[in-house]
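Below you'll find the structure, written out as structure tokens, and then a few comments.
The values are calculated or read from the model by the stated rules, or taken from the named source; none is laboratory data. What you see is a predicted model, and the numbers here were worked out from it, not measured in a lab. As a convention, Cβ positions derive from the backbone with ideal geometry for all residues, glycine included, and neighbour counts pool all protein chains shown.
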Amino acid sequence: AQTVTQSQPEMSVQEAETVTLSCTYDTSENNYYLFWYKQPPSRQMILVIRQEAYKQQNATENRFSVNFQKAAKSFSLKISDSQLGDTAMYFCAFSEGSQGNLIFGKGTKLSVKP
Amino acid sequence: GAVVSQHPSWVICKSGTSVKIECRSLDFQATTMFWYRQFPKQSLMLMATSNEGSKATYEQGVEKDKFLINHASLTLSTLTVTSAHPEDSSFYICSARSGRRINTEAFFGQGTRLTVV
């Protein structure tokens, strides 16, 4: 069975600094997608960034970037120039198979401090 | 991004009654919809996957007779919690995807907080 592991239940960072959230996954598939979702206090799930497994180049979206290590099955999220609005739960997710349903990690609660 | 509207945002019901939660894709046709359950301070657990016009596929451990899912149109899926009990109290979230390919982005509803008293 596929699993997604986030080993950091909580993290904090000072405003304007950089923070990295870790995620590892386990799968025997070769074609899959990885995602980072943000869930602010409103509880609305928001897609932050996604990575196709067949692409070696790490995905970037403005201040957000990933470090995708396929062999190590690692998919970390780096947030640069952290902002107060980045405070939220961050979930790493994995998608594969014919339905493409998302399997989520347990989440990391990120607090950005002024 | 596309909009998925989930209604109601919160509902309180008496034990033994049924409650229906709606999930609508407002500006796209949702080929596939997913229903998740999220306990406080925990992750999202997939309950079931539904494709328009066909029966939902339930995850192991989810009672299909208790959590009825209907995906009768390309823009609407409903989750009915039948004979609700306090242990069914939770946050329920739907998501919808316009295509069957796994790279198609899934958009999430705002969630429904169900409290059974």
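Things to note:
- Residue list for the stretch A:80-97, restricted to those being of a type in the set (A, V, I, L, M), more than 13 Å from the chain's Cα centre (by Cα) and under 27 Å from A:N31 (Cα atoms): none
- Every test in (1) more than 14 Å from every other protein chain (Cβ to nearest Cβ); (2) in a loop (DSSP other than H, G, I, E, B); (3) surrounded by fewer than 18 Cβ atoms within 10 Å (Cβ to Cβ) is passed by A:S82 save one, and that test is (3).
- Test: A:Q69 is on the phi < 0 side of the Ramachandran plot and exposed (fewer than 15 other Cβ atoms within 10 Å of the Cβ): yes
- Scanning the stretch A:1-26 for residues that are acidic (D, E) and out of contact with any strand residue (DSSP E or B) (no Cβ under 7 Å at 6 or more places or on another chain) yields one hit, A:E17.
- Any strands (runs of 3 or more DSSP E) falling wholly within the stretch B:1-84 and containing at least 3 residues that are more than 24 Å from A:W36 (Cα to Cα) and polar (S, T, N, Q): B:76-81
- Within the stretch A:31-43, the set of residues being farther than 9 Å from A:E96 by Cα and exposed (fewer than 13 other Cβ atoms within 10 Å of the Cβ) comprises A:P41, A:S42.
- Subset of the stretch A:85-114 that is surrounded by 20 or more Cβ atoms within 10 Å (Cβ to Cβ) and outside any strand (DSSP E or B) - its residue that is farthest from the other protein chains (Cβ to nearest Cβ): A:D86
- Check on B:T57, surrounded by fewer than 19 Cβ atoms within 10 Å (Cβ to Cβ) and out of contact with any helix residue (DSSP H, G or I) (no Cβ under 8 Å at 6 or more places or on another chain): yes
- Single residue of B:S18, B:S25 found to be farther than 18 Å from A:G100 by Cβ, more than 9 Å from every other protein chain (Cβ to nearest Cβ) and of a type in the set (S, T, N, Q): B:S18
- Single residue of the stretch A:39-87 satisfying the filter (closer than 19 Å to A:P9 by Cα and touching a helix residue (DSSP H, G or I) at 6+ places or on another chain (Cβ under 9 Å)) that is modelled with the highest pLDDT: A:I79
- Residue satisfying all of: in the stretch A:44-66; in contact with a Phe, Trp or Tyr (Cβ under 7 Å, 6 or more places away or on another chain) and among the aliphatic types (A, V, I, L, M); surrounded by the fewest Cβ atoms within 10 Å (Cβ to Cβ) among these: A:I46
- Listed by first and then second residue, the pairs with beta-carbon distance under 8 Å, at least 6 apart or on different chains, first residue in the stretch A:15-42 and under 17 Å from A:K70 (Cα atoms), second surrounded by 13 or more Cβ atoms within 10 Å (Cβ to Cβ) and of a type in the set (D, E), are A:T27/A:E96; A:E29/A:E96; A:N31/A:E96; A:Y32/A:E96; A:Y33/A:E52; A:Y33/A:E96.
- Residue list for the stretch A:44-69, restricted to those being away from chain B (no Cβ under 11 Å) and assigned to a strand (DSSP E or B): A:V48, A:I49, A:T60, A:E61, A:F64, A:S65, A:V66, A:N67, A:F68, A:Q69
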